[in-house]
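Shown next, in structure tokens, is the structure this report addresses.
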Amino acid sequence: MKIVFFGDSITEGCFEILNINGTPEILRDPPSGYAARVAKALPARFPDIPFVFVNRGKSGDATDAALGRLASDVLAEHPDLVICCFGLNDAGYRDPALFAARLSEIFVRLQEGGAKVVYMTPNMMNRYVSPEVHDGVLATARECAACQNDGTFDRYMEAAIAAAHAHGIPVADAYARWKELDRYGVDTTALLCNRINHPTRKMHALFADVLLEVLGTEGVIVSDSL
């Protein structure tokens, strides 16, 4: 069974923003990301299924760019299952309906290509601008905090989940877990290693747990999918 992980920097495995001679540089650590964790866990849970895993996460991607590389990066792999995780970069457009429409197009094209699809919601963005944020990305931190705090990103997730349900696609709702932590008073910004939108390695374990729960209970991973 071939599984493709399709998404942005979270899927790619991007973490801290380092200060390299005054320039912000993203630290990439794919082995610590949720995709690698799932790729390690599934063969142990389903030992009778031969798996192939492909990571097609790309830092900075929104759904418009994702549509542009869908054929070459995903459909060309002839996947049995595609895990989609988008939303963080789309939020800059402040247009949930546009995001849902583009996401729906991705879903339709994947399903027409013969793949099963699971949509995984991303994490919360920062609630405030941390003093740890690199000067080079302060504007991004301010914009992300505004988007999170004014309810825009909540509306994005609502639109995305509705789009997934409309196409019969299971949802691994990691965002709901983050919101629950937020309601309990957890400083969710501290759970972002760049203090903007990249979850810590520990929080990638949460993504993997949410995704594995859906894969195990929704009947997505079955022997007859080989």
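What to note about this one:
- Pairs are defined by a Cβ separation below 8 Å, a sequence spacing of at least 6 or placement on different chains, a first member in region 112-125 that is open to solvent by 50 Å² or more (accessible area, probe 1.4 Å), and a second member that is among the hydroxyl-bearing types (Ser, Thr, Tyr); the pairs so defined are 116/225.
- Residues that are assigned to a helix (DSSP H, G or I), more than 20 Å from residue 34 (Cβ to Cβ), open to solvent by 20 Å² or more (accessible area, probe 1.4 Å) and in contact (Cβ under 8 Å) with a residue 40 or more places away in the chain, drawn from region 147-188: 155, 158, 159, 162, 166
- Against the criterion of being out of contact with any Cys (no Cβ under 9 Å at 6 or more places or on another chain), among the β-branched types (Val, Ile, Thr), surrounded by 22 or more Cβ atoms within 10 Å (Cβ to Cβ) and over 30 Å from residue 195 (Cβ atoms), residue 49 does not qualify.
- Looking across region 52-97, the residues that are open to solvent by 30 Å² or more (accessible area, probe 1.4 Å) and basic (Lys, Arg) come down to 56, 58, 94.
- Residue within region 92-103 that is among the acidic types (Asp, Glu) and farther than 20 Å from residue 189 by Cβ present: yes
- Taken residue by residue, region 12-27 has no member that is more than 21 Å from residue 124 (Cα to Cα) and within 15 Å of the chain's Cα centre (by Cα).
- Test: residue 73 is assigned to a loop (DSSP other than H, G, I, E, B) and touching a helix residue (DSSP H, G or I) at 6+ places or on another chain (Cβ under 9 Å): no
- Any hit, region 14-33, residues being closer than 30 Å to residue 138 by Cα, assigned to a helix (DSSP H, G or I) and in contact with a helix residue (DSSP H, G or I) (Cβ under 7 Å, 6 or more places away or on another chain): yes
- Meets criteria (surrounded by fewer than 22 Cβ atoms within 10 Å (Cβ to Cβ) and assigned to a loop (DSSP other than H, G, I, E, B)) for residue 132: yes
- The listed residue being under 15 Å from the mean Cα position of the chain (by Cα) and modelled with pLDDT of 95 or more, out of 118, 108, 74: 118
- Pairs linking a residue in region 198-222 that is more than 16 Å from residue 5 (Cα to Cα) to a residue that is polar (S, T, N, Q) and part of a helix (DSSP H, G or I), with Cβ atoms under 6 Å and 6 or more positions apart or on different chains, are 201/32.
- Residue check, residue 118 in a helix (DSSP H, G or I) and either among the β-branched types (Val, Ile, Thr) or within 28 Å of residue 193 (Cα to Cα) (or both): no
- Those residues of region 98-111 which are farther than 13 Å from residue 161 by Cβ and surrounded by 22 or more Cβ atoms within 10 Å (Cβ to Cβ), in sequence order: 106, 110
- Sole exception among (1) out of contact with any helix residue (DSSP H, G or I) (no Cβ under 9 Å at 6 or more places or on another chain); (2) buried (at least 22 other Cβ atoms within 10 Å of the Cβ) for residue 211, by number: (1)
- Residue within region 83-101 that is at pLDDT below 95, within 19 Å of residue 174 (Cα to Cα) and touching a Ser or Thr at 6+ places or on another chain (Cβ under 8 Å) present: yes
- Residues located in region 2-13, provided they are part of a strand (DSSP E or B) and open to solvent by 10 Å² or more (accessible area, probe 1.4 Å): 2
The values are calculated or read from the model by the stated rules, or taken from the named source; none is laboratory data. Since this is a predicted model, take the numbers as computed values, not measurements. Note that each Cβ is placed from the backbone with ideal geometry, even for glycine, and that neighbours are counted across all protein chains shown. These accessible areas exclude ligands, DNA and RNA; they are computed on the full protein's heavy atoms, side chains included. Shrake-Rupley method; radii C 1.70, N 1.55, O 1.52, S 1.80 Å.
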